[in-house]
């Protein structure tokens, strides 16, 4: 017993010594910190849109929608903006409510002309009409270019959906002739084969975008990768874990994959029956544990989980379930979360945005002549 007592005395002394060393180190760090002035500006760890240069070899990704199929003010539906140091900008999915988030970034709409749709659920392309009409009114003078998958039948493909959306706006377009520059009323639909495996669907300006099949609801959904200057961005859209994502998402710097709300929360928060919650939460969508397993397999530099309502009582269960199968770098996405990606590392922040925005600056001058010209026929891929 005497020896045991001595051991505890030694351990207690060791613990006190460690605590004292840590305390002294913190005190020394505080004493060497630059003095905080009451009148001089300090840098804040937030991203303020349009106030930071993007390096020639840097990628910035902004979450413009991270929520679920049902709508709410706190989170728009699926949408991620990718900005590259060469000036290119790409939108991956543009679900309901996402157009408001994009507007808050105050990016000229001429630069927001490339949209990639993973599948045709409304919570993944429900804001396409707002970008078509609103973007034109607010200064887009170039065609809106859309890439999306075919379907098992023509009416289940992207071209059919966008063409019929365009028809829905026939009166809207006619009612603006003579008042608004109509060059932005052009649509370019690039429909690609949803069965293509890691096929190139876009290759311009040093950027390569590929697609592969996803498993969600019915045939047609796809996932994407974007590669540029040795950086790789991967976006699942909606999918159940599958062999294609595991194979082609490897070596990603940022891997964004859906991660649905935990099954018990579907029952308690949304009123699902246990049977429906199990089906939707683990077969139609990806459960948190399965998300973690996917990330443990592909080992990205940084994993991002999205597609659940991130609340005080849902975040911890999702996080804890992911951590049963994955222990790597992780973000639980929310709207206006920002990631800057370089070869050196990944920096995560929140964007500080203005809600009362007007039109962003014009990237090209408006044309009075174009206001009196009816839009020409849309150009679509076969």
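The values are calculated or read from the model by the stated rules, or taken from the named source; none is laboratory data. Fair warning: this is a prediction, and the values are worked out from it, not measured in the lab. So basically every Cβ, Gly included, is an ideal-geometry build from the backbone, and we count neighbours across all protein chains shown.
Quick notes
For (1) over 13 Å from residue 219 (Cα atoms); (2) without any contact (Cβ under 8 Å) to a residue 40 or more places away in the chain, each residue gets a yes or a no:
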position: 110; (1), (2): yes, no
position: 118; (1), (2): no, no
position: 121; (1), (2): no, no
position: 125; (1), (2): yes, yes
position: 134; (1), (2): yes, yes
position: 140; (1), (2): yes, no
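- Tabulated pairs, region 166-177, first in contact (Cβ under 8 Å) with a residue 12 or more places away in the chain and at negative phi, second in a loop (DSSP other than H, G, I, E, B) and surrounded by 15 or more Cβ atoms within 10 Å (Cβ to Cβ), C-beta under 9 angstrom, 6+ apart or interchain: 166/378; 173/375; 177/375
- Search result, residues across region 237-269 that are crowded, with 21+ Cβ neighbours inside 10 Å and closer than 16 Å to residue 200 by Cα: 245, 249
- Single residue of region 277-289 satisfying the filter (in a helix (DSSP H, G or I) and at pLDDT 95 or above) that is farthest from the chain's Cα centre (by Cα): 289
- Pairs, first more than 15 Å from residue 316 (Cα to Cα) in region 263-278, second exposed (fewer than 13 other Cβ atoms within 10 Å of the Cβ) and modelled with pLDDT under 95, C-beta under 7 Å, six or more apart: 267/274
- Condition met for residue 165 (assigned to a helix (DSSP H, G or I) and either crowded, with 22+ Cβ neighbours inside 10 Å or not assigned by TED's automatic domain parsing to the domain that holds residue 101 (or both)): no
- Residue count for region 319-344 under the criterion of being part of a loop (DSSP other than H, G, I, E, B) and under 23 Å from residue 64 (Cβ atoms): the result is 6.
- Of the residues making up region 237-265, those that are farther than 16 Å from residue 301 by Cα and under 19 Å from the mean Cα position of the chain (by Cα) number 9.
- Residue tally, condition surrounded by fewer than 21 Cβ atoms within 10 Å (Cβ to Cβ) and more than 24 Å from the chain's Cα centre (by Cα), over region 140-155: 4
- Unmet criterion (only one of (1) in contact (Cβ under 8 Å) with a residue 24 or more places away in the chain; (2) in contact with a helix residue (DSSP H, G or I) (Cβ under 9 Å, 6 or more places away or on another chain)) for residue 86: (2)
- Among the numbered conditions (1) touching a strand residue (DSSP E or B) at 6+ places or on another chain (Cβ under 9 Å); (2) surrounded by fewer than 23 Cβ atoms within 10 Å (Cβ to Cβ); (3) under 19 Å from residue 356 (Cα atoms), the only one that residue 50 does not meet is (1).
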